[in-house]
Amino acid sequence: MVCIAAFIILCLVGVFVAFLSIFRRDIGKKYWAVFKKAWGCVWKKVRLQKCETNFKDDVKNTLLSKIVLKHPQWVKPLGIAIETSAILIVVLTIWSLVEAVKAILALWVFGTCNVSQPASCALGAEVCGIDATEPQNPIEWTGRWFSEWGEIFANIPDRFHDWKVEDYLVEPYSFVNKYQDGNELAMDIFDPGCSVCLQSYRNQKSSGFFDKYNTVLMVYAIQLPDGSYKFNNSDLIAKYMHAADMLDTDYAGKILDRLFTGVNDKGVIYQSVLMQSSSEEAEHILQAWLAEFGMDKKELEKLIEVAHSEEVVQIMQEVKTMVEDKIHAKGIPTLIYDGKKHNGLYKAD
């Protein structure tokens, strides 16, 4: 283990030695000689051959040479400490490589390097993460670590899958704009309270995406492991939009557009207003919008009744199942168009 640990350390310091050798070639020559010896030892280990014991002794003797003269009684415990440190260095290096491979695969498959906490991955697309339950003990942590590997390998086929919007529709649904013959289908999965979804919607709108595609609105309120919702009032907004679709109206798209692009009389974005409101205040705002859109009192009363019905709760559950179990989304917004699944923020060309 000492020779392998030494090789790892030599690899890490090699960059600095290469720089120093520009000014002191003798340092580079000494380093290269030791590096070749370490590599030879590691290569023998890879081929299951016995390593040269003199290299191990050279390393230990170099580290202990000064201590032998002053404190000879420390040599044995320090020798054990060197062996233990070498094992730790090798184990940590292997662990780091495994984690790096896992992160790269997850990034390729899901668009995030962290399967359980997607938004925490700085390398992935901008998303509002659909987070898993935090493990409470080492056993749960170990189980989740292995389950994440299972999810990654199970979903690799998704990268080669021909994604068709028709396969993931949950009725009833509506389109952002009026359906146009000849335009291809697209699906926009979003959470009303997600700020990334807001920016993505604005990018799509400004770039003409909604004019090019018949875009299906699939409202999905992210539910936390404890059953609550990630964003305040997002489930209420989702219920009103589903109810509007059940009544075969175009009000769902109008609610979304007002939510993501409109501002109140103080210039505050409506999404922020509703996220900071109580459920009663938020519902009052939504009802006021619907009245402005042209809904009469009788229609509004019917929509309110439907929004709070078990049918809407069932639709929300069906959407949740579709998003998490069929599309395998780890964060939203998630878009489907041109035969592919696109994770995270839509960026206008």
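The values are calculated or read from the model by the stated rules, or taken from the named source; none is laboratory data. Nothing here was measured: the structure is a model prediction, and the numbers come from that model. Every residue, glycine as well, gets a Cβ built from its backbone with ideal geometry; the counts of neighbours run over all protein chains shown. Just so you know, the surface numbers come from the protein's heavy atoms only, side chains and all, with ligands and any DNA or RNA stripped out. Shrake-Rupley method; radii C 1.70, N 1.55, O 1.52, S 1.80 Å.
Is it the case that some residue within the range 178-186 is modelled with pLDDT of 95 or more and crowded, with 18+ Cβ neighbours inside 10 Å?
Checked against the condition, which is being modelled with pLDDT of 95 or more and crowded, with 18+ Cβ neighbours inside 10 Å, the range 178-186 yields at least one hit.
If you go through the range 209-233, how many residues are out of contact with any strand residue (DSSP E or B) (no Cβ under 9 Å at 6 or more places or on another chain) and either acidic (Asp, Glu) or touching a residue at least 24 places away in the same chain (Cβ under 8 Å) (or both)?
Counting residues in the range 209-233 that are out of contact with any strand residue (DSSP E or B) (no Cβ under 9 Å at 6 or more places or on another chain) and either acidic (Asp, Glu) or touching a residue at least 24 places away in the same chain (Cβ under 8 Å) (or both) gives 6.
Tell me the residue from 151, 166, 99 that is in a helix (DSSP H, G or I), at negative phi and exposed (fewer than 12 other Cβ atoms within 10 Å of the Cβ), please.
Of the residues listed, the single one that is in a helix (DSSP H, G or I), at negative phi and exposed (fewer than 12 other Cβ atoms within 10 Å of the Cβ) is 166.
Check the range 281-290 and report whether any residue there is part of a helix (DSSP H, G or I), among the polar types (S, T, N, Q) and over 22 Å from residue 128 (Cβ atoms).
yes
I'm trying to understand the selection: among the residues of the range 319-349, which are outside any helix (DSSP H, G or I) and among the charged types (D, E, K, R)?
Matches in the range 319-349: 330, 338, 340, 341, 347, 349.
Residue under question is residue 192, and the condition is that it be open to solvent by less than 80 Å² (accessible area, probe 1.4 Å) and either within 16 Å of residue 217 (Cβ to Cβ) or modelled with pLDDT of 95 or more (or both); does it hold?
So residue 192 passes the test.
Quick check, is residue 300 closer than 26 Å to residue 127 by Cα, assigned to a helix (DSSP H, G or I) and either out of contact with any helix residue (DSSP H, G or I) (no Cβ under 9 Å at 6 or more places or on another chain) or of a type outside the set (Phe, Trp, Tyr) (or both)?
no
Could you count how many residues in the range 193-214 are of a type in the set (S, T, N, Q) and in contact with a Phe, Trp or Tyr (Cβ under 6 Å, 6 or more places away or on another chain)?
Selection size over the range 193-214: 4.
Count, please, the residues in the range 267-319 that happen to be open to solvent by less than 40 Å² (accessible area, probe 1.4 Å), in contact (Cβ under 8 Å) with a residue 24 or more places away in the chain and within 30 Å of the chain's Cα centre (by Cα).
Going through the range 267-319 one residue at a time, the tally reaches 9.
Do the conditions hold for residue 217, that is, is it in a helix (DSSP H, G or I), within 23 Å of residue 309 (Cβ to Cβ) and either of a type outside the set (Val, Ile, Thr) or open to solvent by 10 Å² or more (accessible area, probe 1.4 Å) (or both)?
The answer is no for residue 217.
Does the range 237-249 include one or more residues that are assigned to a helix (DSSP H, G or I), among the small types (Gly, Ala, Ser) and either open to solvent by 20 Å² or more (accessible area, probe 1.4 Å) or touching a Gly at 6+ places or on another chain (Cβ under 6 Å) (or both)?
No, the range 237-249 contains no residue that is assigned to a helix (DSSP H, G or I), among the small types (Gly, Ala, Ser) and either open to solvent by 20 Å² or more (accessible area, probe 1.4 Å) or touching a Gly at 6+ places or on another chain (Cβ under 6 Å) (or both).
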